[in-house]
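Student: Could you have a look at this structure, given as C-alpha cells, before my questions?
The values are calculated or read from the model by the stated rules, or taken from the named source; none is laboratory data. Please read these numbers as outputs of a predicted model, since none were measured by experiment. As a convention, Cβ positions derive from the backbone with ideal geometry for all residues, glycine included, and neighbour counts pool all protein chains shown. Just so you know, the surface numbers come from the protein's heavy atoms only, side chains and all, with ligands and any DNA or RNA stripped out. Shrake-Rupley method; radii C 1.70, N 1.55, O 1.52, S 1.80 Å.
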Amino acid sequence: NAGVTQTPKFQVLKTGQSMTLQCAQDMNHEYMSWYRQDPGMGLRLIHYSVGAGITDQGEVPNGYNVSRSTTEDFPLRLLSAAPSQTSVYFCASSSSYEQYFGPGTRLTVT
Amino acid sequence: AQSVTQLGSHVSVSEGALVLLRCNYSSSVPPYLFWYVQYPNQGLQLLLKYTSAATLVKGINGFEAEFKKSETSFHLTKPSAHMSDAAEYFCAVSDLSGGSYIPTFGRGTSLIVHP
C-alpha cells in the first residue's frame with residue numbers, strides 16, 4: 001500500500017494562476033480532507049469529504065474548490081492563487097477517527 | 001463544537017529530562033483524543049490515541065498520555081527525552097458532534113531537545 005500520496009511536492013505559482021493539488025489514497029477510506037499548515041497556526045481544515053460525491057467546507061475554504069468523483073482521489077483546486085495561500089498543504093484520509101496523512105505539498109505564491 | 005488548546009508553542013528540555021506537553025480540549029460529547037508527531041519536512045503520524053478505553057494511553061517511542069475528564073486535559077509525557085524526539089507535536093480532538101470523524105487540531109508545540 002502506498003497510503004496517501006500527494007503531488008507535486010513543491011510548487012511555485014504567480015498571483016492569479018490556478019492549479020490543482022492532487023491527493024490519492026489506496027486504503028478505501030471513506031473520509032478525506034485537506035489541511036493547510038502555517039507557522040503558529042497548526043493545521044486548519046480547508047475542505048473535507050465523507051464519501052464519493054459528498055464534500056463540505058472546513059474552517060478556511062475561501063479560494064479553494066474540491067470535488068470527489070471517486071473514493072480514491074480528492075483534488076484541491078486553487079482558483080486564482082494569492083500570496084496568502086503560501087503554505088504547506090496536507091491531505092489526509094481515514095475510515096474512522098485515525099487520520100493518515102500524505103507527505104505534503106509546499107506551495108509558494110509570488 | 002470541539003476545540004483544542006496546546007499550552008506553549010515551544011518546549012525546551014535537556015536530553016534525559018522529563019517531557020511534558022500540555023493539551024486541553026473542549027467537547028460537548030465524549031471525545032476521541034490524539035497526539036500526532038511531525039518530524040521536519042514530513043507529514044504527521046499518529047503517536048497515540050484515547051478512544052474511551054483505558055485513561056492512560058501508551059504510544060510509540062516511549063510516549064504516553066493520560067485522559068483526565070475533570071480537567072479536560074490530555075497531556076503528553078515521556079520520562080526521558082532523546083535527541084530524536086525533537087519535532088512538532090499536535091494534539092487533536094474528534095467527537096462526532098459535527099457528524100464526522102474529522103478532528104480539530106491544536107496549534108502545535110515544538111519540542112527542542114538540548115544535549
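Student: Would it be correct to say that B:Glu71 is of a type outside the set (A, V, I, L, M, F, W, C) and within 11 Å of the chain's Cα centre (by Cα)?
Tutor: Spelling it out, it is not the case that B:Glu71 is of a type outside the set (A, V, I, L, M, F, W, C) and within 11 Å of the chain's Cα centre (by Cα).
Student: Same structure, new question: Kindly indicate which of B:Lys58, B:Lys68, B:Lys49 is open to solvent by 20 Å² or more (accessible area, probe 1.4 Å), within 17 Å of B:Leu96 (Cβ to Cβ) and among the basic types (Lys, Arg).
Tutor: B:Lys49
Student: Next up: Filter region A:2-46 down to the residues that are surrounded by 13 or more Cβ atoms within 10 Å (Cβ to Cβ), among the hydrophobic types (A, V, I, L, M, F, W, C) and in a loop (DSSP other than H, G, I, E, B), then identify the one that is nearest to the other protein chains (Cβ to nearest Cβ).
Tutor: Looking at the filtered set, the residue picked out is A:Met41.
Student: Being surrounded by fewer than 20 Cβ atoms within 10 Å (Cβ to Cβ) and among the small types (Gly, Ala, Ser) is the filter; apply it to region B:88-115 and report the residue that is modelled with the highest pLDDT.
Tutor: Step by step, filter region B:88-115, then rank; the result is B:Ser110.
Student: Of all the residues that make up region B:4-23, how many are assigned to a loop (DSSP other than H, G, I, E, B) and open to solvent by 60 Å² or more (accessible area, probe 1.4 Å)?
Tutor: 3
Student: I would also like to ask the following. Just to confirm my filter: which strands (runs of 3 or more DSSP E) fall fully inside region B:58-115 and include at least 1 residues that are within 14 Å of B:Leu33 (Cβ to Cβ)?
Tutor: Filter on region B:58-115 gives B:64-68, B:73-78, B:87-94.
Student: Mind counting the residues in region A:59-81 that are open to solvent by less than 30 Å² (accessible area, probe 1.4 Å) and assigned to a loop (DSSP other than H, G, I, E, B)?
Tutor: Here the count works out to 5.
Student: Pick from region A:47-79 the residues that are touching a residue at least 40 places away in the same chain (Cβ under 8 Å) and of a type outside the set (Phe, Trp, Tyr): which of them is farthest from the other protein chains (Cβ to nearest Cβ)? Spell out how you get there, then give the answer.
Tutor: So the first thing to find is which residues in region A:47-79 are touching a residue at least 40 places away in the same chain (Cβ under 8 Å), and the list is A:71-79.
So of that shortlist, the ones also of a type outside the set (Phe, Trp, Tyr) come out as A:71-73, A:75-79.
Details: A:Thr71: 16, A:Glu72: 18, A:Asp73: 18, A:Pro75: 18, A:Leu76: 15, A:Arg77: 20, A:Leu78: 20, A:Leu79: 23 Å.
Looking at the filtered set, the residue picked out is A:Leu79.
Student: Within region B:33-62, which residues are touching an Asp or Glu at 6+ places or on another chain (Cβ under 8 Å), over 14 Å from B:Ala86 (Cα atoms) and away from every other protein chain (no Cβ under 12 Å)?
Tutor: Correct list: B:Thr55, B:Leu56, B:Val57, B:Lys58.
Student: Still on this structure, please answer the following. Among (1) assigned to a loop (DSSP other than H, G, I, E, B); (2) in contact (Cβ under 8 Å) with a residue 12 or more places away in the chain, which single condition is B:Ala54 missing?
Tutor: Among (1) assigned to a loop (DSSP other than H, G, I, E, B); (2) in contact (Cβ under 8 Å) with a residue 12 or more places away in the chain, B:Ala54 violates only (2).
Student: Give me a count of the residues in region B:24-46 that are open to solvent by 20 Å² or more (accessible area, probe 1.4 Å), over 26 Å from B:Ser70 (Cα atoms) and without any contact (Cβ under 8 Å) to a residue 40 or more places away in the chain.
Tutor: 3
Student: Please work out which residue is modelled with the highest pLDDT, limiting yourself to region A:33-62 and to residues that are among the small types (Gly, Ala, Ser) and within 16 Å of B:Ala92 (Cα to Cα).
Tutor: A:Ser33
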